Amino acid sequence: MAAAEEASRPFAGLSDVSISEDIPVEGDISVPVGSTRRDDEFSTLDEPVKETILRDLRAVGNKFIHVLYPKRSTALLRDWDLWGPLLLCVTLALLLQGGAADSDDQGGPQFAEVFVIVWFGSIIITLNSKLLGGTISFFQSLCVLGYCIMPLTAAMAVCRIVLVGGSGTVSFAVRLAVVSVSFGWSTFASTAFLADSQPPNRKALVVYPVFLFYFVIGWMILTFSPSQ
Amino acid sequence: EFEEAAELLSADPGASTLSMSSSKNTTTAAATAGGGGGGGVGGGGEDVKLDLSDDEEGQEESSELLGGQKATGGFWTFEYYQSFFNVDTMQVLDRVKGSMMPLPGRNFIKHHLRSNPDLYGPFWICVTLVFSVAISGNLSIFLTKMGTPTYHYRPQFHRVTIAAVVIFMYAWLVPIGLWGFLTWRQGSERQIGGYSFMETVCVYGYSLFIYIPTSVLWIIPYEWVRWTLIVVAMVISGSVLVLTFWPVVRDDTKVMAVATVVTIVALHTLLAIGCKMYFFQTAVHVPASDPTAQPIQLTQATTHH
């Protein structure tokens, strides 16, 4: 209270000041617009739609490249987005359709089951990592786990192509090799991105669920058998 | 004693406190500074916990729902759940080893948990068990039927859902029931000798670990191997449970004590045999309209393929 009174004292005299109506008052009130403001980057209303879409596509593509050559980089973490994981999840779920009699309940996973496993699996792993004291944020972790499904989705596409040629022992061996390699690649890529954010004596506790997650997805891919 | 500790804390809020508890639990030092893990003060007698984290919760009484052991903050805060994941890799591995090698006289809760029950072990062991049972069951059926020309491989993915429901219900409802029953029987002596809810869930979760390698080994198609494995697993796992709960229960009347232990063992046996019957036997669940039903029952009866 005392401070406010003290602040108002310098202006005490101004309350008597007024401008008489004889004196013309004119001027121009305008806010000067700086030419080099950073707002230009955020004001995307005027750009063509193609530009907007391409920017997001470039960001997603950039992250795919980072998954292909996993190094300890923060690119995936800094600008996270969930477009890539959504795209990969939908592609994987679609490729897993058309399996052995999927109207019968003895078949492979339904479309919704794949979604549930991927998204709820990622959420549970993220919660697990945060509860163990990890410093990564929720959506960053979802982003990393989702993007690292890419090798497995590629393996699924390869498996379907191989299955077109036949479903004998040779094709099974090829599929097993492809799925194993991509499973290892996914796990390695995601741990490369997630490793730094975990407390050091709990790393194995955080990596094991990731391993289990990609193992289950790899299992779903490997056991996909086409309908006859 | 409380005023003294509060004065010390207000003088230096960052310090961690060490307290000697009066009960027979081992002393626990206030843990992790940073990272949001509030310090828990061990001890069964104290009801008021001092929260050392910097968030706006400040000092507040913890909820007594869980026996007043590790809870910090209210159940709506993240730190509350973080206190159940306060384990390191070596601790988890040590607990898993303890669940596989029950020695008489070594109470799992007193020896391995030491008033730091965690939810990491039970949860991920249950998840792993769900997938190992479903996948191994699928593989075993595949190996059994591989020679039959009319057999077409099916992933049977719906079994994962069934396995998940059964195993999670067992791992959560049975401890709830058992803890409730033991607490009711103990009456007013709840703090002395009783186990908290988290400890009960923890010991049940870790006792399920032995079933993971067992379910993988069940792929071997010989019946006598499977029955030997299941008996061994049930003995180990059941004895962990019995050794843990017998000291608590033996103070009760003889009839109730024996009945409780028998119920624990019976439920455990039911789970093991139920899983084996459903996931690993082929003869029972093939539909009658399937023309391959007859040859399958014949191949099930033989021990060599």
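The values are calculated or read from the model by the stated rules, or taken from the named source; none is laboratory data. This one's a predicted model, so the numbers in the text were calculated from it and none came from an experiment. Reconstructed Cβ throughout: ideal geometry from the backbone, glycine too, with neighbour counts over all protein chains shown.
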For residues that are of a type in the set (Val, Ile, Thr) and under 27 Å from B:Val248 (Cα atoms), scanning just the stretch B:145-184, find the one that is surrounded by the fewest Cβ atoms within 10 Å (Cβ to Cβ). B:Ile176
Unmet requirement for A:Val179, which otherwise passes all of (1) touching a Leu at 6+ places or on another chain (Cβ under 6 Å); (2) under 17 Å from A:Gln97 (Cα atoms); (3) of a type in the set (A, V, I, L, M, F, W, C): (2)
One residue is enough: does the stretch B:145-158 have a residue meeting the conditions within 11 Å of another protein chain (Cβ to nearest Cβ), aromatic (Phe, Trp, Tyr) and part of a loop (DSSP other than H, G, I, E, B)? yes
When the stretch A:200-223 is checked residue by residue, the ones that are under 16 Å from A:Ala173 (Cα atoms), touching a residue at least 60 places away in the same chain (Cβ under 8 Å) and within 7 Å of chain B (Cβ to nearest Cβ) are A:Thr223
Any residue that is modelled with pLDDT under 85 and closer than 21 Å to A:Leu212 by Cβ - is there at least one of those in the stretch A:87-109? yes
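Can you pull out the residues in the stretch A:190-199 that are more than 14 Å from the chain's Cα centre (by Cα) and either touching a residue at least 40 places away in the same chain (Cβ under 8 Å) or farther than 21 Å from A:Phe64 by Cα (or both)? Break it down stepwise before answering.
First, the residues of the stretch A:190-199 that are more than 14 Å from the chain's Cα centre (by Cα): A:191-192, A:195-199.
Across the stretch A:190-199, the qualifying residues are A:Ala192, A:Ala195, A:Asp196, A:Ser197, A:Gln198, A:Pro199.
From B:Val92, B:Val87, grab the single residue that is facing chain A (nearest Cβ under 10 Å), of a type outside the set (Gly, Ala, Ser) and not in a helix (DSSP H, G or I). Please lay out each step first, then the result.
Numbers: B:Val92 fails: not in a helix (DSSP H, G or I).
Answer to the selection: B:Val87.
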Quick check, is A:Ser186 under 19 Å from A:Val67 (Cα atoms), within 14 Å of another protein chain (Cβ to nearest Cβ), within 18 Å of the chain's Cα centre (by Cα) and among the small types (Gly, Ala, Ser)? no
Please enumerate the residues belonging to the stretch A:56-70 that are touching a residue at least 60 places away in the same chain (Cβ under 8 Å) and of a type in the set (Val, Ile, Thr). A:Val67
Single unsatisfied condition, B:Val165 versus (1) over 13 Å from the mean Cα position of the chain (by Cα); (2) more than 26 Å from A:Phe120 (Cα to Cα); (3) of a type outside the set (S, T, N, Q): (2)
Give the residues of the stretch B:226-263 that are surrounded by 14 or more Cβ atoms within 10 Å (Cβ to Cβ) and under 30 Å from B:Met146 (Cβ atoms), sorted by residue number. B:Arg226, B:Leu229, B:Ile230, B:Ala233, B:Met234
Here is a check on your reading of the model: is A:Ser167 within 14 Å of chain B (Cβ to nearest Cβ) and loosely packed, with under 15 Cβ neighbours inside 10 Å? no
